[in-house]
Ligand code: S3P
């Protein structure tokens, strides 16, 4: 069990980290931080542009920096990007900075939710299903070793998912007071 003042959401693209994160932040009166948005703000460029100019390695460096900044505070709900768990130092930081929830979903669910999305550079391929399966194979063990709690978001409307997730979090999260 992880007593913590921050709640952190990890999981793949299209699992609902941002939409569920906003609702949970309201419920627990946490300030909501979307890591991808923080990266864009700090860089002054959209994520596809960062990938284009600096490659994935450049994006990952910026992602680690943004994560360090986000994890410095208390009383936050941090919605990470799907690849934030790739780096071992990021995983340690996540584990040490909050109660970590892995939002799981199926590849079919991701394909549906992301069908019209053109903003994820890793999905600019002909065979999205294959790409998403490869990513899941690589990352699922990393999500598993980083999280305190798993929650399957598949095939649920966001209002219901957020209700059920809150009930689960209520039972497991030993919330500590924010540092003064
Ligand atoms: C990525 C996920 C994206 C974003 C970037 C890379 C990934 O965030 O950080 O496109 O590696 O899975 P979301 O998980 O919020 O889509």
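Numerical summary
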{"item": "Residues satisfying the stated conditions in segment 47-68, i.e. more than 10 Å from the ligand (Cβ to nearest atom) and farther than 20 Å from residue 11 by Cα", "result": "49, 52, 53, 54, 55, 58"}
{"item": "Per-region count, segment 40-65, residues crowded, with 21+ Cβ neighbours inside 10 Å and under 20 Å from residue 19 (Cβ atoms)", "result": "0"}
{"item": "Scope segment 136-169; condition surrounded by 15 or more Cβ atoms within 10 Å (Cβ to Cβ), away from the ligand (no atom under 15 Å from the Cβ) and assigned to a helix (DSSP H, G or I); matching residues", "result": "161, 162, 165, 166, 169"}
{"item": "Matching residues in segment 108-135 - criterion: being buried (at least 18 other Cβ atoms within 10 Å of the Cβ) and over 25 Å from residue 52 (Cβ atoms)", "result": "109"}
{"item": "Pairs, first more than 19 Å from residue 7 (Cβ to Cβ) in segment 149-161, second part of a loop (DSSP other than H, G, I, E, B), C-beta under 7 Å, six or more apart", "result": "154/105; 154/106"}
{"item": "Given (1) crowded, with 16+ Cβ neighbours inside 10 Å; (2) at pLDDT 95 or above, number of the condition residue 4 does not satisfy", "result": "(2)"}
{"item": "Top-ranked residue in segment 12-31 [being in contact with a helix residue (DSSP H, G or I) (Cβ under 6 Å, 6 or more places away or on another chain) and within 13 Å of the ligand (Cβ to nearest atom); ranked as nearest to residue 97 (Cα to Cα)]", "result": "20"}
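The values are calculated or read from the model by the stated rules, or taken from the named source; none is laboratory data. All values derive from a computational prediction rather than experimental measurement. Note that we place each Cβ from the backbone using ideal geometry, even for glycine, and neighbour counts take in every protein chain shown.
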